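The values are calculated or read from the model by the stated rules, or taken from the named source; none is laboratory data. Since we're looking at a predicted model, the values are computed, not measured. Glycine gets a Cβ as well: all are built from the backbone with ideal geometry, and neighbour counts include every protein chain shown.
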Amino acid sequence: MDPITAMATASAAFGTIKKGFQVGRDVESMMSDIGRWMGALSDLDQAAKEAKNPPIFKKLFNGKSVEQEAIEAFANKRKAQNQRDELKTWIEFTLGRAAWQDLIQTEANIRKQRQETLYKQRERRQKFVEIVAWIIMVGLSAALLYGFVSFLMSQQAKADEIKWTTCRLVDYERIKVKQNPYTEYICTYRGANNTIETITISEFCPRQYQCVYNPREKDEPTLKETLKSIRKKLQ
């Protein structure tokens, strides 16, 4: 039970107990309401203990700050203490101090019972949820890592598949590009098995160039035709 619900339950039960005393009801007839009130106070104390050492996922995803939870816990504790003091005054005034001591023992039994049943069950559920969450997070992390490594390996494989060959300059042409004051050079290179590659640079064409190995058929466009096509695109 969360602290807000526990405090609302305690306040509702206490209001019923207070009205009962005002109309002259005896304690025995209000024991169910008193037990409900004591159970809610036990839940409040348990929530305060859990807030001091919350699970790691609650730390990560809880919308409330540590300061906000501390302020709420302090306010709930003050409200619960005021209710306890008021109930103690009524019990001791009407039935004596011994009756209040009996209720204190009853409250201790209720807390012990809830600790052995409700709180332990909730603790086991929280641990189970944490284990499942960790498994999911580890699984997702492993899947992401595997995907990333596979991507790098595939890229490396593609890079390894590229074959290079030494191409030699077979022709070049100087060309004036519009809106460009400098002269550019269209350099055409030929390598093994009619590999042809054309580059455009602003300096003189080097005599050799490492081309991507790309065999071509003999009936493909000639170098002059290739240069003419590139020149049209640049102009």
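Quick check: is even one residue across region 129-139 under 21 Å from A6 (Cα atoms), assigned by TED's automatic domain parsing to the domain that holds E28 and free of Cβ contacts under 8 Å to residues at least 40 places away in the same chain?
Within region 129-139, the subset under 21 Å from A6 (Cα atoms) is none.
The answer is no; no qualifying residue exists.
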Q: Quick one: D45 ticks every box in (1) under 17 Å from Y119 (Cβ atoms); (2) modelled with pLDDT of 90 or more; (3) not polar (S, T, N, Q) except a single one, so which number is it?
A: (2)
Q. Of the residues that make up region 59-66, is at least one of a type in the set (V, I, T) and either at pLDDT below 90 or out of contact with any Asp or Glu (no Cβ under 6 Å at 6 or more places or on another chain) (or both)?
A. yes
Q.
Given the criteria assigned by TED's automatic domain parsing to the domain that holds M38, surrounded by 10 or more Cβ atoms within 10 Å (Cβ to Cβ) and without any contact (Cβ under 8 Å) to a residue 60 or more places away in the chain, does Q113 qualify?
A. yes
Q) Of these, C167, C205, which one is modelled with pLDDT of 85 or more, in a loop (DSSP other than H, G, I, E, B) and over 30 Å from E50 (Cα atoms)? A) C205
